[in-house]
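What follows is a short report on a single structure.
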Amino acid sequence: MRKVLSKSVASISPSATTSTASLASKMKREGIDIISFAVGEPDFDTPDHIKEAAIKAIKEGFTKYTDVSGIPELRKAVAEKFQRENGVTYEEDEIVITNGGKQALYEVFRAICEEGDEVLLPTPCWVSYTEQIKLTGAKPIFFATKEENNFRLTLEEVTKNYNPRVKAFIINSPNNPTGSVIEEDELKKIVSFLINRDVYLITDEVYEHLIYDGKKHVSVASLGEQEKQMSITVNSVSKTYAMTGWRVGYVAGPKEIIKGINKLQGHATGNVNSIAQKAVIAALRGTQEPLHKMVQEYTRRRDYMVNRLNQIEGLKCQNPDGAFYTFPNVTALYGKKYDGNIINNDLEVAKFFLEKAHVAVVPGVAFNYPGYVRFVFAKSMEEIKEGLNRIEQAIAELV
Ligand SMILES: Cc1ncc(COP(=O)(O)O)c(C=O)c1O
């Protein structure tokens, strides 16, 4: 019989974050009371003024196809946002509105990568980069950031791993799954190392506003004209405005690349939902008060979670600078036993948490960084407290 799947699709793995979440949902459907720290999305509702803009768009019949790259008014609002928040000047034809940051990244890789290219990817890294890169025929080259540096990227790590086949380099700051934020000085050094090496810097800034302790987010494109020409900036409203389901992201970069992405999107999906585009204009131009409140609340939850995790024997957790994740080291649990099972790795730690504490987390191996698990703190304080109580109890019962 003919093989059904293409080689490229057969070679990719399903998203590990979604598969852990679906196992947890299955247990929930079976009536088990699961607390899930597995899915990376805000527990807050989309602010009202954003919803109202969408309702207005529907009532006014704004329900037809739009320009593939997004309605001009939204691209203008995004350009204003880049100017206001990041200090970068982008023209409207240097921006494409996409179906989330996810599609933006996929289209970037499709637009610039091919067989034989290599893409430098610091780990731990978000699950989809690897598979998206593989789909283009290019090869991800992983290198590890260090727990003792709070997973912050360093120039030394970049220079050690660079080679002339490298076409692109990914920076994700604040990072998923560690929350680490790259230091401005280090970022400048890395950029000056790469600047004359014909490398694109793909900077995934979807967590730029979820940042704590006065830390500062710096966009590579803001560092100068040459830096702007080498960088492709990906962003999204999903995490910033609690709009994960609306599916709106955007990408900004050199005109040639943006043109290519536009062609690709025109054939693949066409424009982003017209109603959601109107809502995003309200999100970008409207009050930022709900965002500030969310950040305050995330800070409170982060402080609580990190503190509690570090009090539980066998877990060791850094203090994340941003995003809404903690990434504790769980290797001290290896070799311990429960119900006749021995815990040998982070996958088995996650399985143990799910089976014995009814708590879902994502194993570090999903982020190319075994030995750790990822907890999401975009959950209510009650759920965080209860989930950590359960984990503490389950670990205390290990032999
Ligand atoms: C680092 C990172 N980039 C991009 C995305 C894509 O988000 P969205 O497609 O909802 O904009 C995510 C979502 O989890 C993420 O964690």
Completion exercise
Among beta bridges assigned by DSSP with both residues in segment 48-285, the antiparallel ones amount in percent, to the nearest 5, to 30
Fill in the blank from the handout: Note on the chain: C-alpha Rg/Rh, Kirkwood Rh, two decimals, gives 0.97
Problem - Dipole in debye (nearest 20) - segment 139-218, about Cα centre, beta carbon charges: Lys, Arg +1; Asp, Glu -1 - result: 400
Exercise for the section: Measure nothing but the geometry: give the 0 to 90° angle between the long axis through the Cα atoms of 100-112 and the longest principal axis through the Cα atoms of the chain, rounded to 10°. Expected result: 60
Practice task
Report, as a whole number in µm² per second, the diffusion coefficient that Stokes-Einstein gives for segment 48-285 at 20 °C and 1.002 mPa s using the Kirkwood radius over alpha carbon pairs.
Solution key: 118
Problem - VAL199, VAL39, ranked by accessible area, largest first (probe 1.4 Å) - result: VAL39, VAL199
Fill in the blank from the handout: Amide H contacts under 5 Å for THR123, restricted to residues at least 5 apart in sequence or on another chain and with H modeled in the peptide plane, are PHE143, ALA144, THR145
Handout entry: Length-normalised contact order of the chain in % [C-alpha pairs under 8 Å, at least 6 apart]
Key = 23
Handout entry: Share, in percent, of DSSP beta bridges within the chain that are antiparallel, nearest 5
Key = 45
Exercise for the section: Take every Cα pair under 8 Å in segment 1-96 that's 6+ residues apart, average their separations, divide by the length, and report that relative contact order as a whole percent. Expected result: 15
Practice task
Normalising by the residue count of segment 48-285, find the relative contact order in percent from Cα pairs under 8 Å and 6+ residues apart.
Solution key: 30
Exercise for the section: Working from Cα positions, state the angle (0 to 90°, nearest 10) between the long axis of helix 255-268 and the longest principal axis of the chain. Expected result: 70
Problem - Solvent accessible area, Å² - CYS317, 1.4 Å probe, full protein context - result: 10
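Two-decimal Rg/Rh of segment 271-395 from alpha-carbon positions, Kirkwood Rh?
Reported Rg/Rh (Cα atoms, Kirkwood Rh): 1.10.
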Problem - Intensity falloff of segment 265-341 expressed as log10 I(q)/I(0), Debye formula with alpha-carbon point scatterers, at q = 0.14, 0.15, 0.21, 0.25 Å⁻¹ - result: -0.72, -0.75, -0.97, -1.12
Exercise for the section: Could you work out how far helix 289-311 tilts from the main Cα principal axis of the chain, as a 0 to 90 degree angle to the nearest 10? Expected result: 30
Practice task
With a cut-off of at most 10 other beta carbons within 10 Å, and DSSP calling the residue loop, which trypsin sites (Lys or Arg not before Pro) in segment 182-231 qualify? Please list them.
Solution key: LYS216
Practice task
Whole number in Å², please: accessible area per residue of segment 48-285, 1.4 Å probe, ligands, DNA and RNA not counted.
Solution key: 40
Handout entry: Reach of LYS337 by Cα under 30 Å, taken over lysines that are not fewer than 8 positions away in the same chain
Key = LYS26, LYS28, LYS146, LYS316, LYS351, LYS356, LYS379, LYS385
Exercise for the section: Go through segment 262-353 and name the chymotrypsin sites (Phe, Trp or Tyr not before Pro) that are in a DSSP coil and have 15 or fewer other Cβ atoms within 10 Å of their Cβ. Expected result: TYR334
Exercise for the section: Report in % the part of the accessible area of the chain that belongs to carbon and sulfur, leaving out ligands and nucleic acids; probe 1.4 Å. Expected result: 50
Practice task
Please compute the net charge surrounding GLU348, taking Lys and Arg as +1 and Asp and Glu as -1 over other residues with Cβ under 13 Å from its Cβ.
Solution key: +1
Handout entry: Total charge dipole magnitude, the chain, about the Cα centre, Cβ charges on Lys, Arg, Asp, Glu only, Debye to nearest 20
Key = 900
Exercise for the section: Would you pull out the residues with amide H under 5 Å of ASP321's amide H, same chain only if 5 or more places away, H placed 1.01 Å from N? Expected result: SER180, VAL181
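The values are calculated or read from the model by the stated rules, or taken from the named source; none is laboratory data. Note that this is a predicted model, so its numbers are computed, not measured. All Cβ positions, even for glycine, are placed from backbone atoms using ideal geometry, and neighbour counts span all protein chains on display. With ligands, DNA and RNA removed, areas are computed over all heavy atoms of the protein, side chains included. Shrake-Rupley method; radii C 1.70, N 1.55, O 1.52, S 1.80 Å.
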